[in-house]
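As structure tokens, the structure follows; a few thoughts come after it.
The values are calculated or read from the model by the stated rules, or taken from the named source; none is laboratory data. It should be emphasised that the depicted structure is a prediction, and the values quoted were computed from it without experimental measurement. A quick note on method: Cβ atoms are made from the backbone with ideal geometry, for glycine too, and the neighbour counts reach across all protein chains shown.
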């Protein structure tokens, strides 16, 4: 166990050893032998109630989560019970701290994803899941490139495992690709995140469906989730396309590849690509007018990786 305040607590090692002893000696069912999700044993129900109690100290919740991390195979068969309170705990950590994506959150999410064959969040958890996605997207960027790549990898795995419950955090993405300076690499992270979504056939521009009857609107309760009236799909896509004017090859090539992916996903979902192709045509004409033949060829090549039809349309 790594050295931190939770692991140094005098109760941590004895409790980990106790649970491991119970598992080794058959006092806890081994998950490989369980065909259906079982009911939690009485001791786990008691622990679950403590973990889920909003009135207990958050430090106790963190202690119990660290215990779960150390003994996650024991809790794996009961994943469908634990997903909801653990996701809420992650959101609470983001709300209570300015640290962003710390190692504790990473360890926790890795455990949740290791349980994905047992359970993924239910539709009832969609709001909490969307908030978690928002927090992860908002805090993905980091001055340390290695840390940022690690954050991207975590988000990629989460979306792959839980994509049935995920919608694009459109406003956050828009902010992450909107740096107007064409000599800046700042928009790279936003383009990478859009690419991850599209690789899982999730469109980056998402507006919650209009409620019918007396049903309330679908929302995560976050200011960031509310789409401003002036942020249309055209404006969002124009912002992606503007990155194809960037002076850095890795930026304009990434933007072009994202556009190719977007055209492909729209086609797969039987959505019209006409307007996006019209917007793209203006950007490509700009490249020609500026004599940027190398940039033009790079963009076409990047787009055709995912949308070969673009070669015939240009």
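A few comments on the model shown:
Per-residue answers, yes or no, for (1) out of contact with any helix residue (DSSP H, G or I) (no Cβ under 8 Å at 6 or more places or on another chain); (2) closer than 13 Å to residue 244 by Cβ; (3) in contact (Cβ under 8 Å) with a residue 40 or more places away in the chain:
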{"position": "270", "(1), (2), (3)": "yes, no, no"}
{"position": "281", "(1), (2), (3)": "yes, yes, no"}
{"position": "288", "(1), (2), (3)": "no, yes, no"}
{"position": "302", "(1), (2), (3)": "no, yes, yes"}
{"position": "313", "(1), (2), (3)": "no, no, no"}
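- Checked against (1) part of a helix (DSSP H, G or I); (2) surrounded by 17 or more Cβ atoms within 10 Å (Cβ to Cβ); (3) at pLDDT 95 or above, residue 287 meets all criteria but (3).
For every residue, the table says whether it meets (1) under 19 Å from residue 167 (Cα atoms); (2) crowded, with 21+ Cβ neighbours inside 10 Å; (3) in contact with a helix residue (DSSP H, G or I) (Cβ under 7 Å, 6 or more places away or on another chain).
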{"residue": "97", "(1), (2), (3)": "no, no, no"}
{"residue": "115", "(1), (2), (3)": "no, yes, yes"}
{"residue": "118", "(1), (2), (3)": "no, no, yes"}
{"residue": "131", "(1), (2), (3)": "yes, yes, yes"}
{"residue": "141", "(1), (2), (3)": "no, no, yes"}
{"residue": "147", "(1), (2), (3)": "no, no, no"}
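- Any hit, the range 60-78, residues being buried (at least 19 other Cβ atoms within 10 Å of the Cβ), free of Cβ contacts under 8 Å to residues at least 60 places away in the same chain and within 18 Å of the chain's Cα centre (by Cα): no
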